[in-house]
1. So who's got an amide H within less than 5 Å of the one on Arg557, skipping anything under 5 residues away but keeping other chains? H placed 1.01 Å off N, in plane.
2. What is the calculated FRET efficiency for Glu85 to Lys326, with r their C-beta to C-beta distance and R₀ = 41 Å, to the nearest 0.05?
3. Which far-off residues, 5 or more places away or on another chain, put their amide H under 5 Å from the one on Lys419, with H placed in the peptide plane?
4. Using Cα pairs under 8 angstrom and six or more residues apart, how large is the relative contact order of the range 100-252, in percent?
5. Calculate, for Glu535 and Ala458, the FRET efficiency according to 1/(1 + (r/R0)^6) with r their C-beta to C-beta distance and R0 30 Å; round to the nearest 0.05.
6. List the lysines whose Cα sits under 28 Å from the Cα of Lys138, skipping any in the same chain fewer than 8 residues away.
7. Is the shape of the range 173-278 best called rounded, prolate or oblate, per the rule: a/c under 1.5 gives rounded, else a/b larger than b/c gives prolate, else oblate, with a ≥ b ≥ c the square roots of the Cα gyration tensor eigenvalues?
8. Order of 637-644, 172-179 by packing, highest average Cβ count within 10 Å first?
Amino acid sequence: MREFVLSAPAGRRRIDYEKELNAEQLDVVLHGDGACLVLAGAGSGKTRTITYRVAHLLDQGVRPEEILLLTFTNKAAREMLARVEALLGSSVAGLWGGTFHSVANRILRGYAADVGRTASFTILDQEDSRDLIGLCLKDLHVDTTARRFPSAGTIQAIVSYRRNAALPLRDVLERSYESFLDLAPVLERVDASYERRKREADAVDFDDLLLLLRDLLAQRPDVRDRLAGQFRYVLADEYQDTNAIQADLVRLLSSAHRNVLVVGDDAQSIYSFRAADIRNILRFPETYGEAKTFRLVTNYRSTPEILSVANAVIAQNRHQFKKELKAVRASADKPCVVPAANAQQEAQYVAEQMLALRGEGVALADQAVLFRAAFHSQALEFELMKRDIPYEYRGGMKFFERAHVKDIVAHLRLVANPKDEAAWLRVLALQPGVGAVTAARIAFRARAFAALAEAVQADLDLTGRAAKGWRQAAGVFEKLLAQSQPADMIRLVAAGAYRDYLKAEYPDADDRLDDLEQFALFAEGYDDLPSFLTEVSLTDEYGAARAGADDGEAEDRVVLSTVHQAKGLEWDAVFVINLAEGKFPHQRAMGSRDEIEEERRLFYVAVTRARKRLFLTYPLAAGHDTLALNRPSPFLLEIPADAVEHVRLRHAPHPIRDPRSTRRDDGEITIVFDELGERVPPSAKGGKPNGGGEFLRGVEEY
């Protein structure tokens, strides 16, 4: 490493770069001129490296306005600029730092006339865009009543993905919205009308900010040369998450000086559903033929044992830059792989270990449970509520608060109690052609009947679309009345017209249907509707009370999160649950090598969130006391056998309710559960009980 000595400008603090950075980071900071790709592994000090690089450029005499720093969140930009100012002890006013969208907005204000807008153009948020698309549907006289037509929100999602992925609308429908493929001509007209209306209203949406700037730079060489000439140094964070348009912007804005430094980790590219393209980072050396590549692989976050698991799994990916994370932390316990009998036992094990960790001094807020999809958390949420373990849900709403779950519950409530007016209003609001006034009138008349069977067969004197909507609802209830099991009722509603409703209304309809299947699996533990509804209702009331109690309180709470929402975060202890084949990786990814590789990257992100303790769990059986067996996730099978500890959980023949475990002479720990999922005490000859306060490790294979 060459020595680099600087004399700090007056009023600035002199930075000892060699003392404050490791060798990998220092190399980037001192030698980051030209086209540079910085492969920053998880926990390797990426933000620190970028901020010191910016500080170093300013130390060299580069003017703030000659530096462009592109990020994905305003918070990240503010944090980096604040760190730079703290390092230098002086202001960096004039430096261009912010998200791609905020930088594009700033530039476009100065060139508004060149993109068909005025300098005071309006930026539409998502709700504004949906409203405008709704107006387009009316203007084009689109008949949205003849069949389930996609909602304005779903159309917005289709159009946005089309633009960010640079794909024809029909291709987007074939990939993700096949049920609407026959509507392609209509949706193309809506798309064109939406574009026209935005121009007429002197407005842009978030996608326009990037597209208009990209087109301006590509079509106006004079503008491109002026801006690229100003930015002597362009830095882009999280480059693995860029889409095609963002990659073009980086290339165009750095085209004059070609001092472009992009920082990212191809192993953490997990947002293809947002049109992020991993090829941008993988092909960077080809795009910029003279590019230098740096690797940050010193990990300050996780133990060597955790990194051993992460390195072993990600090594299976074919399309990647090979690198191996190296730990700074001291050696500690191996990660635990825990097969459970079913989701309920898995949830109980996780909850017990949370309390054990808390007993060891690990706050609940320093623990997290991560999962591939939101519906994976349902059994655990129920277990945490039963045990009064407070939790914070990231990446969506708590399970029983989700609209589609409440919709299904409303159907079941009416089977149990046809006088439930609130349930009538909720169910009727889902029917085509039934507005709020009509729904209230139907509810008033329907609840006058003593039995639901009488109500659904009655003539309520309705006409037109309202009559059609009522008959649709009545048909569902006629089928529900023939069922006796709550689980069968849930599946019946989810498989009928309600499925079409979800597909039309929500871009994430498949995830919502997965939620409902998980809800049905949960319901398999109940043989009668009243007891099931009582359990759900009490849970719902508990959640509402808990939410009110938490307001304004800094309560110690476990974090429950999808892996996507957890990226960039870290905790002392991490549980990754439902690691079964078809769940993680997701079933929809199983047929594509590229999608499997992204799922493996998602698993890698989950594992590298853990600092000290890592638990990898999965249920052996799906459903309640069924013979539908799960295979472990293929990612678990890619971990060397000696890299993890294996915990075996088993059922006892009789229900006993004292949490204990037994330790055999060979060192294996067996955790015993009864049929109700409760821990069983050891026999009189068993080893000493751990009382739930000790980590449980064994040597049993899957």
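1. Here the answer is Ala365, since their amide H atoms fall under 5 Å of that of Arg557.
2. Plugging the Cβ-Cβ distance into 1/(1 + (r/R0)^6) gives 0.85.
3. none
4. So the answer I get is 32 percent.
5. 0.45
6. By straight Cα distance, Lys138 reaches Lys198, Lys468, Lys503.
7. Oblate, since a/c reaches 1.5 and b/c is not below a/b.
8. On the way: 637-644: 14.0, 172-179: 15.9.
In descending order of packing, they fall as 172-179, 637-644.
The values are calculated or read from the model by the stated rules, or taken from the named source; none is laboratory data. Quantities reported herein were computed from a predicted structural model and do not represent experimental measurements. Neighbour counts are summed over all protein chains in view; Cβ atoms, including those assigned to glycine, are modelled from backbone coordinates with ideal geometry. Protein only, heavy atoms only, side chains kept; ligands, DNA and RNA dropped before computing areas. Shrake-Rupley method; radii C 1.70, N 1.55, O 1.52, S 1.80 Å.
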